[in-house]
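Peer 1: Before I ask anything, let me first share the structure, which is written out below as structure tokens.
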Amino acid sequence: MTSMTLLRRVLKRALTTTASSRAISAAVFGHPDRKSTVQNWKNRALDKGWNWAVVSGMTDAELREAFWRPGNPGRPSARPDFAEIAQALEHPGMTLWTYWEEARAAKPAQTLSYSRVAAQWAAHRKRARRTMRQDLVPGEKAFVDYCGKRPWFFNEQGVKVEVELFVGALGRSGYVFAWCSMTQQSPDFVEATTRMLEAYGGVPPIIVCDNLRAGVSRAGRDPVINRTYLELAEWYGSAVHPAPPYDPKAKAKVEDSVKLMQRAFLPLLRHNRCASLAELNTLLVRRVQQVNEKRFQKKPGSRLEVFERVDKPALLPLPAQRFEYVEFATPVEVPSDYHVKVAGHFYSVPHNWVGRTAYPRTTLGEVVIDCDDCPSVRHPRSTEVAGQTTNREHMPPAHREQLDRTPAQLLAWAEAVGVHTHALVKAQFERKVPLQGQLKADAIKSMARGSQPVAIEAAAERALAMHSPTPSTFQRVLASLPKNVDTPVGLGAAPAGPAVPSINSKLRRSAKRKAAARPHASAPTDLPLVPVVSRNSRRSRSVCRRS
């Protein structure tokens, strides 16, 4: 019963009968406690000179305006100006209390108390609110959201670990899906959505999600969907429609399901101490099944029955393969070192990509980098921050050669050439500090470039026989050999070539002294002579040393 109806009933009895205020209060309000209100209303009508004929001839609006005397400056207005309040509250930071204080300071006698203004404003908003009842198409939309209240489990140390509760619901049946994950980040959000579609056994054409970062990169009138979540929707043949910000009614179905699962699942954790996330999800799956099988209170059937009858036949079929999680990184220009940084780690790409734009993406196990129409580059995903993963095939030839200048690579090259070459290179590292011999071993490899393995092996054998395993000796011996050597040159015969001049006497005496110092390993006297150039004299001349 409205206030105008009560006023008319009170005035009719007060102005047409001699009943007491107590009796009128009991007849109109159902109890005599409102007798003071009845007396007040009667006195106000008499002060205006009204009788029942005048009151009965007024409409509700006319009676409201005339009875409460809004033009009287000595009495506060019975109704605040709702249009003025609504306009004031549109200003950022404005509150109803601030508006009331300003109105009270400007017109203290004409302003109601704050409690009455707040009550009437709340009643006005309730009357002005309109809610559209949606007739959702079977199987068309699935609504997804996260719960504000989080479940938990206890780890091996007994520490309470709170997790996130993902909830999904189909529009028509309200069929509920729920899953617990450690975070709301993109991998967990994609995994939960994938499990929801697999639990439904089909795909709704539209997925309505909240504006979390894992689903929507930029919210607003022109939202930008997260690239990974968009790939998920396209893989399953669905579309993502973000709900408008700050408008929970746009996804009321899942809001109700979130509240339902909070009340149905969280109280179970008082008596079930889960020791892991997997155990928590096992308990959750059983509880979700019970919720879906529970009968409705105000309509026939259950969520499961309506889902099987209405929603499931309308869903799109699932693809043959499950969606593989992929995360897209920002496109970058390939730097001069042909390594692209992805998630803090550097991955190589072909060196001819330098200066071009690369498009990296990551899955749970590997990193894939694309560039225009070139074949994709794949690397195993690494968690090492600031580390690098380099494919040898991506390097230019000069860089590959530089990469081979390590003790292991040099020894491997020498071993591939022959036994004596391996012994010669190995001798370079037999020092107090082995790495000091790396430059000499690399020099031997550089000197051997362009020569046949047979010639390299023969030169190394002679350098070792001379007890002079140095790069300079190896170079002089190798230079004395024919350029095109197909068979090893024996140690007892001089190599083919021009006549060798007579040996220098100083070098002969030096060789004899060295041989006397090492009697157990004296060099044979019948070795061929190798031409060398003496650098000790001012005038260049050819000398010989017995090799």
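Peer 1: How long are the three semi-axes of the equivalent ellipsoid of region 3-128, in whole Å, if each is the root of 5 times an eigenvalue of the C-alpha gyration tensor, listed from largest down?
Peer 2: Semi-axis lengths for region 3-128 are 32, 15, 14 Å.
Peer 1: If the label point is 7 Å along Cα→Cβ of Trp152, which residues in region 173-197 have backbone nitrogen under 19 Å from it?
Peer 2: 180-184
Peer 1: Okay, next question. Provide the descending list of Cα extents for region 331-392 along its principal axes, expressed in whole angstroms.
Peer 2: 26, 22, 20
Peer 1: Separate question: Kirkwood Rh, Cα Rg: Rg to Rh for region 141-314?
Peer 2: Here Rg/Rh amounts to 0.96.
Peer 1: A further question follows. At 7 Å along the Cα-to-beta-carbon direction for both Arg378 and Met182, put a label point, then send me their distance in nm to one decimal.
Peer 2: 2.6
Peer 1: Please sort 45-55, 341-351 by packing, taking for each peptide the average over its residues of neighbouring beta carbons within 10 angstrom, highest first.
Peer 2: Top of the packing list down: 341-351, 45-55.
Peer 1: Give me Rg over Rh for region 378-444, both radii from the alpha carbons and Rh done the Kirkwood way, two decimal places.
Peer 2: Numbers: Rg = 15.2 Å, Rh = 13.8 Å.
Ratio value, two decimals: 1.11.
Peer 1: Restricting to bridges with both residues inside region 183-325, how much of the DSSP beta-bridge set is antiparallel, in percent to the nearest 5?
Peer 2: Working: 4 of 8 bridges.
Taking every DSSP beta bridge with both residues in region 183-325, the antiparallel ones total about 50 percent.
Peer 1: By average Cβ neighbour count within 10 Å, what is the ranking of 352-365, 180-193, 262-275 from highest down?
Peer 2: Ranking the peptides 352-365, 180-193, 262-275 by packing returns 180-193, 352-365, 262-275.
Peer 1: Show me the ranking of peptides 166-178, 221-233, 455-467 by mean Cβ neighbours inside 10 Å, starting with the highest.
Peer 2: 166-178, 455-467, 221-233
Peer 1: Set the bar at 22 Å for Cα to Cα. Now go through Lys149/Lys298; Lys259/Lys294; Lys12/Lys35; Lys141/Lys312; Lys141/Lys259; Lys259/Lys298 and name every pair that lies beyond it. Walk me through the intermediate numbers first.
Peer 2: Numbers: Lys149/Lys298 28 Å; Lys259/Lys294 16 Å; Lys12/Lys35 15 Å; Lys141/Lys312 12 Å; Lys141/Lys259 19 Å; Lys259/Lys298 18 Å.
Check vs 22 Å cut-off fails for Lys149/Lys298.
None of the figures in this text is laboratory data; all of them are computed from the coordinates on show. Bear in mind the structure is a predicted one, so any value in this text is a computation, not a measurement. Every residue, glycine as well, gets a Cβ built from its backbone with ideal geometry; the counts of neighbours run over all protein chains shown.
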